[in-house]
Amino acid sequence: MKVLLHDMNWPEAKEYFAKNDIAIVPVGSNEQHGPANPLGTDHLIARGIAEEVAKRTGVVCLQVIPFGVSSHHKQFWGTVSISPRVLKEYVKEVCLSLKYYGVRRIVVVNGHGGNLAALSEMARELREEDVFVSIFQWWPATAKLLPELFSEEERRHAAAEETSLNLILHPKLVDMKKTVDEKPQKSRLQMEGTTLPFGTADETTSGAFGKTTTASATKGKKDFEAIATQLAKHVKLLKEAKMEDLLQKPKV
Ligand SMILES: [Zn+2]
């Protein structure tokens with residue numbers, strides 16, 4: 001049984017959607033990840049996780065949506081960014097295309113934190129249309145599930161954890177010789193309670209935050225397995241959930 005929608009022909013898609021109302025949609029970004037990691041890191045990892053879980057659960061997985069909200073990285077070459085509004089509408093229309101075939105449950109596997117606000121807003125809007133969208137992000141999951149595997153400075157943007165996942169999923173795209181450890185500059189304005197519009201170029205020269213040199217495929221393997229197990233568990237729970245518990249409540 002195929003699980004990638006783009007690999008199926010339409011009769012196979014018809015057969016799947018006749019029996020299933022759930023799908024997985026990976027979303028990421030194309031943005032700088034320091035000198036050692038590919039620009040595609042966020043969407044390549046989202047795709048890798050989503051496709052693995054599709055195989056484990058038999059839930060159909062779409063092509064990854066590669067572009068996201070990344071303007072805060074633009075000073076580093078090759079970053080491609082779209083606005084939160086465009087991301088929200090684009091992913092929403094993808095989900096509504098699935099609704100036409102009866103899909104009511106969608107797991108968005110988001111590989112880039114900058115997308116979260118737009119995707120959360122989209123999920124609320126789609127619930128108005130009787131489509132329940134959950135958003136899964138791997139890094140808050142691993143911080144809780146494997147607190148010992150990476151330190152806080154290894155869990156930051158383009159640091160050891162992301163690099164380790166790249167080493168598992170697409171090792172040829174990582175250049176370990178170019179990994180750096182860079183402590184980001186913090187503005188004096190940064191304090192409890194403030195949110196400031198600084199970008200990556202204000203804080204780093206390499207584009208990588210924290211410690212990257214400690215990345216390894218061994219750690220990546222452990223990390224990836226924990227992520228895939230967790231997401232597969234979530235997909236299964238969403239599949240089994242009663243639709244009445246997912247739909248909006250009526251007014252009181
Ligand atoms: Zn990333």
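The values are calculated or read from the model by the stated rules, or taken from the named source; none is laboratory data. This one's a predicted model, so the numbers in the text were calculated from it and none came from an experiment. Here Cβ is always computed from backbone atoms with ideal geometry, including for glycine, and neighbour counts include all displayed protein chains. Ligands, DNA and RNA are stripped out before the accessible areas are found, and what is left, the full protein with its side chains, is counted by its heavy atoms. Shrake-Rupley method; radii C 1.70, N 1.55, O 1.52, S 1.80 Å.
Scanning segment 194-207 for residues that are part of a helix (DSSP H, G or I) and within 14 Å of the ligand (Cβ to nearest atom) gives a single hit, Thr200. Select from segment 136-150 the residues that are away from the ligand (no atom under 16 Å from the Cβ) and open to solvent by less than 50 Å² (accessible area, probe 1.4 Å) and write down the one among them that is farthest from Ile22 (Cα to Cα). In this case the residue turns out to be Leu149. Kindly indicate whether Leu116 is under 13 Å from the mean Cα position of the chain (by Cα) and within 16 Å of the ligand (Cβ to nearest atom). For Leu116, the condition - under 13 Å from the mean Cα position of the chain (by Cα) and within 16 Å of the ligand (Cβ to nearest atom) - is met. Filtering segment 159-181 to residues that are of a type in the set (D, E, K, R) and either under 13 Å from Asp42 (Cβ atoms) or within 15 Å of the ligand (Cβ to nearest atom) (or both) leaves Glu161, Glu162. Could you please let me know if Thr214 is more than 23 Å from Ser71 (Cα to Cα), assigned to a loop (DSSP other than H, G, I, E, B) and open to solvent by 20 Å² or more (accessible area, probe 1.4 Å)? Yes; evaluated as a whole, the condition is true for this residue.
Scan segment 39-57 and give yes if some residue there is more than 19 Å from Ile135 (Cβ to Cβ), touching a Leu at 6+ places or on another chain (Cβ under 6 Å) and within 12 Å of the ligand (Cβ to nearest atom), otherwise no. No, because not a single residue in segment 39-57 is more than 19 Å from Ile135 (Cβ to Cβ), touching a Leu at 6+ places or on another chain (Cβ under 6 Å) and within 12 Å of the ligand (Cβ to nearest atom). Can you find, within segment 20-38, the residue that is nearest to Met122 (Cα to Cα) among those that are within 16 Å of the ligand (Cβ to nearest atom) and surrounded by fewer than 21 Cβ atoms within 10 Å (Cβ to Cβ)? Among those residues, the one meeting the criterion is Pro38.
Of all residues in segment 104-113, exactly one satisfies the criterion of being more than 16 Å from the ligand (Cβ to nearest atom) and surrounded by fewer than 20 Cβ atoms within 10 Å (Cβ to Cβ), namely Arg104.
Within segment 118-167, the set of residues being within 13 Å of Lys219 (Cβ to Cβ), charged (D, E, K, R) and touching a residue at least 60 places away in the same chain (Cβ under 8 Å) comprises Glu154, Glu161, Glu162. Checked against the criterion of being crowded, with 20+ Cβ neighbours inside 10 Å and out of contact with any Ser or Thr (no Cβ under 6 Å at 6 or more places or on another chain), segment 186-199 contains not a single residue that satisfies it.
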